[in-house]
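Working notes, structure below.
The values are calculated or read from the model by the stated rules, or taken from the named source; none is laboratory data. Quantities reported herein were computed from a predicted structural model and do not represent experimental measurements. Here the Cβ positions follow ideal geometry from the backbone for every residue, glycine too, while neighbour counts run over all protein chains shown. Calculation scope for accessible area: heavy atoms of the full protein, side chains included, ligands and nucleic acids excluded. Shrake-Rupley method; radii C 1.70, N 1.55, O 1.52, S 1.80 Å.
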Amino acid sequence: MKEKLLNKKELASLQQQLPKWEFQQSRLKREWRFLNFIEAFGFITKVAMLSEAMNHHPEWTNVYSKVTIELTTHDAGGITQLDIRLAKAINMLDTK
């Protein structure tokens with residue numbers, strides 16, 4: 001099933017539920033800082049398992065202790081409920 005793009009009103013209401021995420025035009029973005037590379041990599045591994053289970057894979061970067069994740073549904077051309085579900089699942093991993 002093809003995911004439906006969220007409209008501006010839906011996105012605005014979600015900003016309260018995902019306050020640490022930046023809502024950009026066609027993607028959600030969040031950055032984490034860890035004590036070291038091992039902690040950052042451990043977090044990435046957990047996100048990878050979640051993403052694979054949801055069959056929805058983030059764009060991310062990792063530079064030493066910093067991890068940046070961007071979520072978008074490429075097939076739909078922007079943010080969908082799939083991105084929101086993954087963002088909420090990732091937030092559940094967040095221990096900070």
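Close Cβ contacts (under 6 Å, 6 or more residues apart or on different chains) running from residues in the range 30-47 that are among the aromatic types (Phe, Trp, Tyr) to residues that are in a helix (DSSP H, G or I) comprise Phe34/Ala40. Any residue at all in the range 18-35 that is over 16 Å from Gln81 (Cα atoms), open to solvent by less than 50 Å² (accessible area, probe 1.4 Å) and in a loop (DSSP other than H, G, I, E, B)? Within the range 18-35, one or more residues are over 16 Å from Gln81 (Cα atoms), open to solvent by less than 50 Å² (accessible area, probe 1.4 Å) and in a loop (DSSP other than H, G, I, E, B). Note on the range 1-17: among residues that are part of a loop (DSSP other than H, G, I, E, B) and open to solvent by less than 100 Å² (accessible area, probe 1.4 Å), the one that is farthest from Asp75 (Cα to Cα) is Gln17. For the range 12-23, filtered to residues that are touching a residue at least 12 places away in the same chain (Cβ under 8 Å) and out of contact with any Leu (no Cβ under 9 Å at 6 or more places or on another chain), the residue that is farthest from His57 (Cα to Cα) is Gln17. Of the residues contained in the range 17-25, one or more are found to be within 14 Å of the chain's Cα centre (by Cα), of a type outside the set (Phe, Trp, Tyr) and farther than 15 Å from Ile69 by Cα. Applying the criterion of being small (Gly, Ala, Ser) and under 10 Å from Leu5 (Cα atoms) to the residues of the range 63-77, the residue that is surrounded by the most Cβ atoms within 10 Å (Cβ to Cβ) is Ala76. Taken over the range 70-96, the criterion of being under 16 Å from Glu59 (Cα atoms), of a type outside the set (Gly, Ala, Ser) and part of a loop (DSSP other than H, G, I, E, B) is satisfied by Thr72, His74, Asp75, Ile79.
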